[in-house]
Structure formats: structure tokens, C-alpha cells
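Worksheet: the structure to be examined is printed underneath.
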């Protein structure tokens, strides 16, 4: 059988094409911070369970955020490299001076961002996760968006020249996806991207797949966990669970995220809720802080809840500490996600 010229060229091109880079599965260290390990112990445990990336904060590194010891940072970086663990992102704090979450004791927003960039540079990281606030900011979210934008626009050159992009998280309680998208586009994607969290949208009355559609193109970092959501007489119950135990199609979410951002690690931030959060969608007061939410977005959230089934929390095993349970849960989630992506 002879091969046509077109078939030959297609086959030759396929043979020459480089293999797809495997997607890294990482861990946001805050979800196991109760273990109070050293950075080296954390990294040893990540290597044991097969994690390929780690996202530290100054707290989990054990360094002073106002004056980080670069020698320590470089030692941790070298140890991670020896284990084959990437340090592509770090976790920072609130950078919004008008937010209740902002800690002015650590310096101005500009000073705190500059110190965070210093840590990122020592690590070789290209992204720094930051937040605006929490549910306390929801009533005046547009004010806080403007406050954050002023800070970032004033630091544009410094952030851009650092080679590190800030990644603001759709944090639990502050942003809906439309609003965060608007902030990124206002400030500029050259210095500001998104840390896309898959679990927080449910607290904000959003289907996480809608959040992915709107924020996926801007994502330079991720926090991934599964969620169970279902209808209750008072409204909608939301509970964070281990990967594979929820009913929001986390498998489809992860695969779509990887298609959208193939070079960004899937970073597990596993938080298992002891009890569900109940969102009272039949109470008008619930919507006072969501005056501009489109009905089409709310309907997707409600439809997701209608399809869900209750996932009650299991009692903790006798004799197991909270920190050990977190470590065990994390291992389940990392192994699940690696299998999913293989």
C-alpha cells in the first residue's frame, strides 16, 4: 500500500512533534499547615505521595514576611529541586488597603507586594497568589476593587519587571467571577492574573464551571478541591470534600482547566468541611450583596444543587489527630488527581 504525500507529511509531523508536557499536580501548603512541619519535612511528604509542585507561604516557610532570609529560601528551593518538586508559585496575603483582611502591621500594600516578589524571585516562582478580602468586603466589593486597582497600577513597572505575575484569588466571600474578570482587565493581564479556586464559587452562589469559563483564560495559578452541593429545606447546602467525593463534576472541571492552561499546575488545596454551609436562597437578605448577579448565573447554581445528593461528614476516626487526617486526606486527593490526569 502506498502512502499519499499528504499522509506522509502528516505522519512525519506527528513523529517530530514534541510529547505533551505532563501536567504537574501540586499542593497549597496551607491546607496541611496544622501539621507544623519544617519546609523540608513538608517537601519529603509531598515527594512520598507523588506531588510535583508546592505552593508555600511565609508562614509555612517559617520566615519573617517583612524581612525574609534569602539564604533559607534558596536552601528550600535547592532541596525541592533535588526532590523534583517545582516551586512555581507562592502564597501571599491581602493587598487591598481598604479590606478588613489587610494587615497594616506588615507594611503598606506596596511594601508587602515588594517583599512577596522578593520571596518569589528567590524561589524562581513566576506567580504570587494574593487576595482582596472575605465576606466582610462583599457589601462594598466595588470600593475594594478600586482600592486594589490603584495599588497595582501604581506598581505596574515594578511588578512587570520582576517577572512574577500576581494572581488574585476568587476568595470565599469576596468575588464573583464577573467582578474578578473586570478587575484583571482593568489592571492589565500583564501584571495581574487569577488564582482560580474550584471550591469557593459555591459559597458565592456560582456553578464552578461558570467560574472556570469566565476566569480560566486569566488563570496563572489554581487551588483545587471537590465540593458536594444539594438542596435542603432552608436553601442549598455546600460542603467541601475529598477529590472524587463531590457532585460538581470535578473531573470535568480539572480536565477543562488543563485544556485551558496546560502549563499551570493543578494545585490541590484540600479542605474537608465538618459540616455543610447552608445558603438561604429563599431569603431576600441573602441577595442584598449580589444586586448585579444575572438570573442566568443564579439558575445554573440552583440547577446544580437540584441535581446533587447529600454527602454527610463521616465522624473522625478514633485516635487520629486533625493534622494527621489532613495529611491522609491530601494523599487521597493527590493520588486521585494524578490518576485522573494520567
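The numbers here are math on the coordinates, done by the rules we state, and not lab data. From a predicted model like this one, the values you see are computed outputs, not experimental measurements. Quick reminder, even Gly has a Cβ in these numbers, built from the backbone with ideal geometry, and neighbours come from all protein chains shown.
Packing-based ranking of 307-319, 46-58 yields 46-58, 307-319, ordered from highest to lowest mean Cβ neighbour count within 10 Å.
Take each peptide in 30-37, 83-90, 219-226, count the other Cβ atoms within 10 Å of every residue, and average; sorted highest first, the result is 219-226, 83-90, 30-37. In this simple spin-label approximation, residue 290 and residue 64 carry label points 7 Å from Cα along the Cα→Cβ vector, and these lie 4.5 nm apart.
Between residue 134 and residue 150, the modelled labels are 2.4 nm apart [label points 7 Å from Cα along Cα→Cβ]. If the chain linking residue 339 and residue 48 were pulled fully straight, counting 0.36 nm for each residue of separation and taking away their Cα-Cα distance, it would gain 103.2 nm. Solvent-free Debye calculation, one equal scatterer per alpha-carbon of the range 181-314: log10 I(q)/I(0) at 0.18 Å⁻¹ equals -1.02. From helices alone, the chain scores -12500 deg cm²/dmol at 222 nm; the rule is -39500 (n - 2.57) for each run of n ≥ 4 DSSP H residues, then divide by the residue total.
Ordering 187-196, 251-260, 110-119, 168-177 by mean Cβ neighbour count within 10 Å, with the highest value first, yields 168-177, 187-196, 110-119, 251-260. Out of every Cα-Cα pair that the range 12-144 contains, those further apart than 21 angstrom amount to 48 percent. Distance between the C-alpha centres of the range 28-74 and the range 160-182: 23 Å, rounded to the whole angstrom.
If I model the range 100-242 as equal point scatterers sitting on the Cα atoms and use the Debye formula, what is log10 I(q)/I(0) at q = 0.11, 0.19 Å⁻¹? Rounded to two decimals, the profile gives -0.42, -1.15. By the Stokes-Einstein formula, at 0.692 mPa s and 37 °C, the chain with its Kirkwood radius over alpha-carbon pairs has D equal to 156 µm²/s. Computed over the range 47-91, the quotient of the alpha carbon radius of gyration and 2.2 N^0.38 Å is 1.16. Here's the picture: a label point sits 7 Å out from the Cα of residue 185 along the beta-carbon direction, and within the range 206-244 the residues with their amide nitrogen under 18 Å of it are 210-220. Counted residue by residue at 0.36 nm each, then reduced by the alpha carbon distance between them, the extension gain from residue 249 to residue 313 reaches 21.1 nm. Here's the picture: a label point sits 7 Å out from the Cα of residue 321 along the beta-carbon direction, and within the range 32-61 the residues with their amide nitrogen under 20 Å of it are 32-49, 59-61.
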